[in-house]
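Novice: My questions all concern the structure below.
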Amino acid sequence: MTVLLEAHQLSRYFGGLKAVNNVSFQVNDGEIFGLIGPNGAGKTTLFNLMTGLTPVSGGTLHYRGERLTGLPPYRIAGMGIGRTFQNIRLFKGLSALENVKVSQHVTTKSGLWGGVFCTPASRAEEKRVDEKAWELLHLIGLADRATELAANFSYGDQRRLEIGRALALEPQVLLLDEPAAGMNAAEKRGLTAFVREIRKEFKLTILLIEHHVPLVMNLCDRIAVLNFGELIAVGNPADVQKDPAVIEAYLGAE
Amino acid sequence: MNDFLQNNGFLIVTMVQQALLAMSLYYPLMCGQLSLASPGFYALGGYVAAIIGTIEYFAPWRDSLGWVIFPLEWLAAGIISGILALLVGIPALRLRGIYLALATIAFVEILRVICLNLTITGGAIGIFGVPQLFESRWSYIWTFGPLLILMLLFSYRLDCSRVGRAFKAIREDELAADAMGINPTRYKVLAFVIGAMLAGVVGAMSAPFLNTWNARQGTFDASIAYLAYVLIGGSRSMWGPLLGGALLAALPEILRPLKDSRLIINGLVLVFASIYMPQGIAGALGKLRDNVGRSFGFFRGGK
Amino acid sequence: MTTAQFLQNLLNGISIGSVYAIFALGYTLVFSILGIINFAHGAIFTLGAYFTYTLAVGQFGINGLLSGLNLDLQVPFALSLLIGAVLAGLVGVLLERLAFKPLRTRGADSLLALVSSLGVALVIVNAIQYLVGAEIYTFPSQVYGDIKPAIMFEISGQPVVVRTVQVIIFAVCMVILALLGYVISFTRIGKALQAVAENQTTASLLGISVDRIILVTFFMSGFLGGLAGTLVGTSFGIAGPYFGVTYGLKGLAVIVLGGLGSIPGAVLGGIVIGLAEAFVPPDYSAYKEAVAFAFLFIVLLVRPQGLLGRSLIQKV
């Protein structure tokens, strides 16, 4: 098993607040890696550090041996790391189809002139983009509503569309920030199956932030637990569940 | 018909010209960037054409090239505007919203004061006797008209291309676009440069059309007028700036029977249009089309 | 530069800078409450000057609907100044009701507020032109009473000449600033205003009528704008209906320099720009008009939050 992502003493301070403090972990190729912890533990901040949206205060992050820290978000996305957002950040004024087309940006290359003059290369590329977009919409089950604005979708559909949009990047790593938030029990079960399916189909490595503990325990190969910005446990679900530090963090937080 | 064109030629050409200037604001707005720099580039382009057309240094060129000098003026104006836009845009486009708007207003004003004081731009008086490309005002439709058609085609193709999608993604959510692999600075600067080049070329076409060029061509009033064109026309499709620019440019003429009070009415139109047509004329027409379509049962899909 | 010249520039700069400050405060107040820039503020500045002129002098020229009219109201100047500013404030209130409130209630794009306020500016400016023409109106030199036109004194053997008008303008501005500071910091209405600027929802939960505070803000904004217009008018004359445009733009430079929405920032920004303009060497005086905008541009690129503004941290 090869190590795909390696965080080394990652830190982020906001003034005096240590949102993420000296966090080190490794993610292996092909695994589903869960990130859990009480509210405000620094999970989303960690995702933002990994995708370059928030600059690190210290530490490094490597992906396949290449350094990610210090790179702008679009470069990190271009290296094959896609993500979704906790508070859903779709392009709300664009259609579902356009949303899925937009993030094929990194896998395509036609420029202003190619696009405007409709050169054969750009036309062929546009055709591929279109096909791929429809494929993804079918996969996430929104193909029959392709031309509707993203803003008009239900909460659950928006979350699925966000995953579809991230998949359009053709990522090797997918970061899902609370993908089950706001979903009912049936939808959550569907999501579990869906995440397994896309991992298999796209050979993905998935990092997942989730509050719903049964879902995490069921889905993840390994779990990391954050509390007050610090990593307090990493391991397989069964072990983590028994870890006294984890139990204390959760009970203490109640 | 011929009489009509001769009498109203100036107005019609002005409508097309203003529609083009409105479009120059539309490209940055496509990426959600409110830039009011167009009048600056418009003035710059006009000066480029006026200077090439009048000063002694270019006399041999003018004599040997004949009318070909005009397209060369447009080209020169476009390139110079584009380069200046690149230099101004890279630092300025780190700003957002009203801050960017204010920075571009400052840019226009600085450029205006500089042009007001340089010898080559003719100081406060400006440049007179810019050589004409055509004899009648109306004939200038043959320069502005094709440019408008070209820009409409350009916008139409842009809208459904990879670059156009990147623009719109940045408009919708810059941060999410960044996380989806789109370099926001690159595309914002690109949109700014496209708008600037267009304004520069329109300026270069306008100097012969107006025969004279001075610092009053690029003022704050113009910045706001173009913004009004786009917002009142509708900023979410290319038809918006076209409609807004053409109609608002014609408004003072349409209101001419009202004589002295026409500019007051003009102001009221701006107020009421922004209140009652939030999506602009293009948006209102689109809604109308949808409603009519639906009531006849032609319209399928949607919500 | 000699000490005398330095002192003279300093006094000129502080005087005009203080007018910039009270004018720019009008922008700042509205911005701090609504987060928008009122592009009609320059027109209200102009209107204030014309209101005062009508009351104090009331003699119109040969153009416009009111041509040849001589009202001869003979209202004492100090009172005219006050009434003119109050009327400008009321126009500010009207402006808010006509151009801003309908957009706000609908939650419209804030860019549209720029256009609708500009529409109002067009209406005001052209209405002035329609009524009294585009000519220049000047206040008679004795509006401020029977005073010497200039104060002269010597510094190390060199004469310094200060126009009395500028000293008076400075004094009026200081009084207004002190009053405004008092109202905002110590009165109920001022505290309510601060609360609304901080957070409208919280303020309304605390029982503050946000709508009323917005009206008060527009009144104060218009009052300050109109007053500034009159003060500039007494110093340099009223140069036609468009004379507020330049000041309107410079005011924008002032508030950005100080930090959008910051009240001390607007005062500091006004003085800094006034001084910067006063110290432009005579050889380059043609570029004086660009100074404010050069400041604006550079400040935006280097320190977008302005001198005294809060830093703008974006939340992911």
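Please treat every number below as a calculation from the coordinates, not as lab data. What you see is a predicted model; the values in this text were computed from it and never measured. Cβ placement follows ideal geometry from the backbone for every residue including glycine, while neighbour counts extend to all protein chains displayed.
Novice: Would you mind ranking B:C31, B:C160 by Cβ crowding within 10 Å, fewest neighbours first? Display every interim value, and only then the final one.
Specialist: Values: B:C31 26, B:C160 13.
Listed from fewest to most nearby Cβ atoms, that is B:C160, B:C31.
Novice: At 7 Å along the Cα-to-beta-carbon direction for both A:N39 and C:I298, put a label point, then send me their distance in nm to one decimal.
Specialist: Spacing of the two 7 Å Cα→Cβ label points: 4.8 nm.
Novice: Another question about this same structure. Counting other C-beta atoms within 10 Å, which of A:V195, C:V267 has the fewest, and how do the rest follow? Please list the in-between numbers first.
Specialist: Values: A:V195 22, C:V267 25.
Placing the least packed residue first, the sequence is A:V195, C:V267.
Novice: Taking the range A:1-94, which trypsin sites (Lys or Arg not before Pro) meet the DSSP loop condition and have no more than 14 other C-beta atoms within 10 Å? Kindly include the intermediate steps, with their values, before the conclusion.
Specialist: Details: sites: A:R12, A:K18, A:K43, A:R64, A:R67, A:R75, A:R83, A:R89, A:K92; in loops: A:R64, A:R89, A:K92.
Within the range A:1-94, no trypsin sites (Lys or Arg not before Pro) qualify (loop, at most 14 other Cβ atoms within 10 Å).
Novice: Quick one: dipole size for the range B:152-274, taken about the Cα centre, charges +1 on Lys/Arg Cβ and -1 on Asp/Glu Cβ, in debye to the nearest 20.
Specialist: Working: 12 positive and 8 negative charges, 41 e Å.
Dipole magnitude for the range B:152-274 comes out near 200 debye.
Novice: If you don't mind, another one. Cα axis of helix B:97-117 to longest principal axis of chain B: angle in degrees, 0 to 90, nearest 10?
Specialist: The helix B:97-117 is inclined about 10 degrees to chain B.
Novice: Shape verdict for the range C:190-305, please, from the Cα gyration tensor: rounded (a/c under 1.5), prolate (a/b greater than b/c) or oblate.
Specialist: Working: a/c = 3.23, a/b = 1.68, b/c = 1.93.
In terms of gyration-tensor shape, oblate.
Novice: Just to check, using Stokes-Einstein with a Kirkwood Rh over alpha carbon pairs, what's the diffusion coefficient of the protein assembly as shown at 4 °C and 1.567 mPa s in µm²/s? Numbers along the way, then the final one.
Specialist: Details: Rh = 30.3 Å.
Answer from the Stokes-Einstein relation: 43 µm²/s.
Novice: Of the trypsin sites (Lys or Arg not before Pro) in the range B:213-300, which ones lie in a loop per DSSP and count no more than 11 other C-beta atoms within 10 Å?
Specialist: Numbers: sites: B:R216, B:R236, B:K259, B:R262, B:K287, B:R289, B:R294, B:R300; in loops: B:R236, B:R300.
Within the range B:213-300, the qualifying trypsin sites (Lys or Arg not before Pro) (loop, at most 11 other Cβ atoms within 10 Å) are B:R300.
Novice: Compute the Cα gyration tensor for the range B:76-173, then decide on rounded, prolate or oblate, letting a ≥ b ≥ c be the square roots of its eigenvalues: rounded whenever a/c is under 1.5, prolate when a/b is larger than b/c in the other cases, and oblate in all that remain. Spell out each step's value before the answer.
Specialist: Details: a/c = 2.89, a/b = 1.20, b/c = 2.40.
Cα axes put the range B:76-173 in the oblate bin.
Novice: Still on this structure, I have one more. Would you mind checking which residues have amide H under 5 Å from A:L35's amide H? H placed 1.01 Å from N; only 5 or more apart, or other chain.
Specialist: The answer is A:L208, A:I209, A:E210, A:A224.
Novice: Sketch the reach of a paramagnetic label on B:F134 as a point 7 Å from Cα along Cα-to-Cβ, and name the residues of the range B:7-41 whose backbone nitrogen lies under 13 Å away.
Specialist: B:7-17, by backbone N distance to the label point.
Novice: Given the options B:L251, B:L190, B:L65, which has the most mean-square fluctuation in a GNM of chain B, springs set between C-alpha atoms less than 10 angstrom apart?
Specialist: Of B:L251, B:L190, B:L65, the Gaussian network model singles out B:L65 as fluctuating most.
Novice: Also, I was wondering about something else. Looking only at A:V116, A:V129, A:V56, which one moves most when chain A is put into a Gaussian network model with springs between Cα atoms under 10 Å?
Specialist: A:V116
Novice: Among the aspartates and glutamates, which have Cα under 19 Å from the Cα of A:K188 when same-chain residues fewer than 8 positions away are ignored?
Specialist: A:D157, A:E162, A:D177, A:E178, A:E197, A:E210, A:D221
Novice: Take every DSSP beta bridge with both residues inside the protein assembly as shown and express the antiparallel ones as a percent of the total, to the nearest 5.
Specialist: Details: 30 of 46 bridges.
The antiparallel fraction comes to roughly 65 percent.
Novice: Pop out the ³J(HN,Hα) list for the range A:194-203 in order, Karplus 6.51 cos²θ - 1.76 cosθ + 1.60 with θ = phi - 60°, rounded to Hz; leave Gly and Pro as x.
Specialist: Rounded to whole hertz, the list is 5, 4, 4, 5, 5, 4, 5, 5, 9, 6.
Novice: Let me ask you something else. What are the equivalent ellipsoid semi-axes of chain A, built from the alpha-carbon gyration tensor (square roots of five times its eigenvalues), in whole angstrom, biggest first?
Specialist: Details: eigenvalues 211, 90, 51 Å².
They are 33, 21, 16 Å, listed largest first.
Novice: At what distance in angstrom do the alpha carbon centres of the range B:216-255 and the range B:96-116 lie from each other?
Specialist: Centre-to-centre distance over Cα atoms comes out at 19 Å.
Novice: For chain C, set up a GNM with springs between Cα atoms under 10 Å and report which of C:Y20, C:Y144, C:Y53 has the largest fluctuation.
Specialist: Result for chain C, Cα springs under 10 Å: C:Y144 fluctuates most.
Novice: Please state the shape class of chain C: rounded when a/c is under 1.5, otherwise prolate if a/b exceeds b/c and oblate if not, all from the C-alpha gyration tensor.
Specialist: Working: a/c = 1.71, a/b = 1.21, b/c = 1.41.
Oblate, because a/c is 1.5 or more while a/b does not exceed b/c.
Novice: Between A:Y155 and B:L258, take the C-beta separation as r, use R0 = 56 Å, and let me know the FRET efficiency to the nearest 0.05. Mind showing how you got there, number by number?
Specialist: Details: r = 53 Å, r/R0 = 0.95.
E between A:Y155 and B:L258, to the nearest 0.05, is 0.60.
Novice: Using the Cα centre as the reference, give the magnitude of the dipole from point charges on the C-beta atoms of the range A:95-168 (Lys, Arg: +1; Asp, Glu: -1; all else neutral), rounded to the nearest 20 debye.
Specialist: Values: 10 positive and 10 negative charges, 39 e Å.
It comes to approximately 180 debye.
Novice: Shifting gears a bit: Can you compute the equivalent ellipsoid semi-axes for the range B:149-303, i.e. the square root of 5 times each eigenvalue of the Cα gyration tensor, sorted largest first and rounded to whole Å? Please report the intermediate quantities before stating the final value.
Specialist: Working: eigenvalues 177, 131, 42 Å².
Equivalent ellipsoid semi-axes, largest first: 30, 26, 14 Å.
Novice: Using Cα positions and a limit of under 13 Å, work out the aspartates and glutamates in reach of A:K203, with same-chain residues fewer than 8 apart set aside.
Specialist: Qualifying aspartates and glutamates at Cα under 13 Å: A:D29, A:E31, A:E170.
Novice: Compute the distance in nm between two label points, each set 7 Å from the Cα along the Cα-to-Cβ direction, one at C:Y287 and one at C:L205.
Specialist: 5.3 nm
Novice: Something else now. Please give me, ordered by residue number, the trypsin sites (Lys or Arg not before Pro) of the range A:147-242 that lie in loop per DSSP and have at most 15 other Cβ atoms within 10 Å. Mind dumping the intermediate values first?
Specialist: On the way: sites: A:R159, A:R160, A:R165, A:K188, A:R189, A:R196, A:R199, A:K200, A:K203, A:R222, A:K242; in loops: A:K203.
Within the range A:147-242, the qualifying trypsin sites (Lys or Arg not before Pro) (loop, at most 15 other Cβ atoms within 10 Å) are A:K203.
Novice: Let me know the charge dipole size of the range A:205-254 about its Cα centre in debye, to the nearest 20, where only the beta-carbon of Lys, Arg (+1) and Asp, Glu (-1) is charged. Don't jump to the answer; show the numbers that get you there.
Specialist: Working: 2 positive and 7 negative charges, 23 e Å.
So the dipole magnitude of the range A:205-254 works out to roughly 100 debye.
Novice: Another one. What distance in nm lies between label points placed 7 Å from Cα along the C-beta direction at B:L268 and B:I90?
Specialist: Label-label distance for B:L268 and B:I90, simple model: 5.1 nm.
Novice: For an R0 of 41 angstrom, estimate the FRET efficiency from the Cβ-Cβ distance between B:N211 and A:N87 and round to the nearest 0.05.
Specialist: Values: r = 57 Å, r/R0 = 1.39.
Once rounded, the FRET efficiency stands at 0.10.
Novice: For the range C:288-295, what does the Karplus curve 6.51 cos²θ - 1.76 cosθ + 1.60, with θ = phi - 60°, yield as ³J(HN,Hα) per residue in whole Hz, taken in order and with x for Gly and Pro?
Specialist: Calculated HN-Hα couplings, in order: 4, 5, 8, 4, 4, 6, 4, 4 Hz.
Novice: Separate question: Sorting C:M174, A:M79, B:M30 on the 10 Å Cβ count, fewest up front, what's the list?
Specialist: Least crowded to most crowded, the residues run C:M174, A:M79, B:M30.
Novice: Give me a comma-separated list of calculated 3J(HN,Hα) values for the range B:123-129, in order, Karplus coefficients 6.51, -1.76, 1.60 applied at θ = phi - 60°, integers in Hz, x for any Gly or Pro.
Specialist: For the range B:123-129, the Karplus curve yields x, 5, 6, x, 10, 9, x Hz.
Novice: Let me ask something else. Using helices alone, I'd like the mean residue ellipticity at 222 nm for the protein assembly as shown: each DSSP H run of four-plus residues gives -39500 (n - 2.57), total over residue count, nearest 500. Please report the intermediate quantities before stating the final value.
Specialist: Details: 35 runs with 534 residues, N = 873.
Dividing the helical sum by the residues of the protein assembly as shown leaves -20000 deg cm²/dmol.
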